[in-house]
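Note sheet for the following structure.
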Amino acid sequence: MPKPEKYKSVGISIDAYKKLIFIADQEDRALGRQLSRMIEESYEDVQERVNSKRGYQPAAVGIGGITTVIED
């Protein structure tokens, strides 16, 4: 029996479902694995786009990192 804390159901259109079946078949994956992979790839693209719009810069590494030394 599926575990609700691990899996969720999502409704998609019949057209999208047929396309998912085709893609999964071509890449030799189960539907759930294929959908998860597509979501992960899209998520990474969106996250990168959002971070670039915000001027994202990683935090300095450790105490006294380079950003704390540079003064204007």
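Coordinate-derived values only; no laboratory data. Quantities reported herein were computed from a predicted structural model and do not represent experimental measurements. We place every Cβ from the backbone using ideal geometry, glycine too, and count neighbours over all the protein chains shown.
Some notes on this structure:
- Among 44-53, 5-14, sorting by the average number of other beta carbon atoms lying within 10 angstrom of each residue, highest first, gives 44-53, 5-14.
- Lys/Arg +1, Asp/Glu -1 at C-beta; segment 1-54 dipole; positive extreme among Ile23, Val10, Leu35: Val10
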